[in-house]
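Right, one structure below, let's go through it.
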Amino acid sequence: MDSERRSVTVGVLGVLIVGASVPVTGMLDGYPVITGQALRYALAGVLLLGWARLLGRPMPLPALRDVPSLIAVAATGMIGFQACLLFAQRYAEPGLVAAFLGGTPLVLAIAAPLAAGRRPSLGTVTGAILAGLGIAVLSGGGAARWQGLVLAALAMVCEALFTLLAVGLLDRLGPMATATWSCCVAGVGGAVVGTIAEPSGAWALPDGRELIALGYLTIVVTTLAFVLWYSAVSVLGADRAGVLVGLMPVAGLTVSLAMGMQDFRFSQLIGVALVSSGVVIGLRRREIGEPGALDVEVIDDVTADDPDHDRAQRPGERDLLDEFRPAADRGEPQCEIHGAEGNRLAEGDLAVLGQRRDGERLGDP
């Protein structure tokens, strides 16, 4: 539980940093879009490599099977998202674009569990809907041409893919390595694409204002916030962490009000209340009976089962029975747990899937 609370705190801090950076992003409006983002991500990748070396942390190299996921994260969730976001505002008012992005928590709440082979949680989906409604109220909506609607929808999809496509990478590489190699790929790929797409104006020396914006986005938003976000996702899961996205416009609103860039409206309080309620509900641990929750019941003879059964059923995974034996060997009391995801149980817990799962199929995917 302490680990989960820390992850929630880390995730909240990450999304608040990103949300508060929205006014800063506007300072790059006249700077080349693709190569500007490539420069930001390349510098962030170098900083993350140096940070890991300074801390003495190992930096796992991506395997060949990780390369497609890294390219996809960089192309969609990083370069693609920023490009769609900036271009969408040329055809739509910012409020409408922000309202579209309010659908991201719901996309994550539904798509993440389905991709993992389980049903979405009612609590997480409900929280995501409330958070999305809160974002729509905060943004106030706005007018748009059809190009703006398409680009805003694409920006929402890209934002969700930034998390969804990284789930497997987080399991294999960890949060820091995932953020580092994604930034490196985005930096190299963005530089190549930007140069080809606009050979004459792809690269430009930033002026003082643009240099400050690039520095802040590189050091704080990318280097720090990306690691914080991926750390939260690796513990909470993409669906539950997704409701935290609702806090981004709240942070952006706070900064805009503090800087006098936006007038206060009573409806903004309603939006903040909806987002806050959605985050609380969405982060609540699943209970028995909710869609996507697993019913768990105790059996006494689990450690007497064939020790090779689960390993044979799930090659490459840790033997699930090995999770049970420490508690039995130490003579600790057996207990029930709820909400176990993917049959990954905490050390010392003794449980098996119940109701619709046969004891002989314990651990089957």
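The trypsin sites (Lys or Arg not before Pro) of the stretch 186-275 that DSSP puts in a loop, and whose beta carbon has at most 14 other beta carbons within 10 Å, are R265.
Computed from backbone phi with θ = phi - 60° and the Karplus coefficients 6.51, -1.76 and 1.60, the 3J(HN,Hα) list for the stretch 158-169 is 4, 5, 5, 5, 4, 8, 4, 6, 8, 4, x, 5 Hz; x is used for glycine and proline. If you model the stretch 17-176 as an ellipsoid using its alpha carbon gyration tensor, with each semi-axis the square root of five times an eigenvalue, the axes come out at 28, 23, 14 Å, biggest first. For the stretch 118-188 versus the stretch 230-248, the inter-centroid distance based on Cα atoms is 10 Å. Pop the C-beta distance of T195 and L114 into the FRET formula with R0 = 45 Å and round what comes out to the nearest 0.05. After rounding to 0.05, the efficiency reads 0.75.
Ligands, DNA and RNA left out, the 1.4 Å accessible surface of the stretch 206-283 is 72% carbon and sulfur atoms.
Counting 0.36 nm for each residue step from M259 to R57 and taking away their Cα separation leaves a gain of 68.8 nm. Only protein heavy atoms count here; on that basis, with a 1.4 Å probe, W203 has an accessible area of about 130 Å².
Taking 16 Å as the cut-off, the amide N atoms of the stretch 89-133 that come nearer than this to a point 7 Å along the Cα-to-beta-carbon line of E4 belong to 121-125, 127.
The values are calculated or read from the model by the stated rules, or taken from the named source; none is laboratory data. Just so it is clear, the structure is predicted and the values come from calculations on it, not from any experiment. Please note: Cβ atoms are built from the backbone with ideal geometry, for glycine as well, and neighbour counts cover all protein chains shown. Surface areas here come from the heavy atoms of the whole protein model, side chains and all, with no ligands, DNA or RNA. Shrake-Rupley method; radii C 1.70, N 1.55, O 1.52, S 1.80 Å.
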